[in-house]
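Structure provided below as structure tokens; questions to follow.
The values are calculated or read from the model by the stated rules, or taken from the named source; none is laboratory data. Fair warning: this is a prediction, and the values are worked out from it, not measured in the lab. All Cβ positions, even for glycine, are placed from backbone atoms using ideal geometry, and neighbour counts span all protein chains on display.
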């Protein structure tokens, strides 16, 4: 059985009760990437957690798309810095051993 790796944007928006324009704004602000299959726009399952997080922030905290872009950028920076700290700790542990 083949597992689907995409979800239709309209299906997602219907499920979460959001306007499709929010997804397109997130794409415009380079928070998300969408693709086309069979002339329908889809989002990768890998992008789904990011989209769900942005939708929750938008609905629960009423953050606009520009704010979501800023939050996304900051979250990426935090992730990068955490990875860098982990890498530096590993290097430090090699020298201490």
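Filtering region 53-76 down to residues that are closer than 16 Å to residue 17 by Cα and touching a residue at least 12 places away in the same chain (Cβ under 8 Å), which residue is surrounded by the fewest Cβ atoms within 10 Å (Cβ to Cβ)?
Per the criteria, the residue is 59.
Out of 45, 34, 7, 18, I need the residue that is free of Cβ contacts under 8 Å to residues at least 40 places away in the same chain and surrounded by 11 or more Cβ atoms within 10 Å (Cβ to Cβ). Which one?
34
Now, a different point. Just name the residue that is modelled with the lowest pLDDT out of those in region 19-36 that are outside any helix (DSSP H, G or I) and out of contact with any strand residue (DSSP E or B) (no Cβ under 6 Å at 6 or more places or on another chain).
Filtering first and then ranking leaves 36.
Being more than 14 Å from the chain's Cα centre (by Cα) and touching a residue at least 12 places away in the same chain (Cβ under 8 Å) is the requirement here; does residue 40 meet it?
When the stated conditions are applied, residue 40 passes them.
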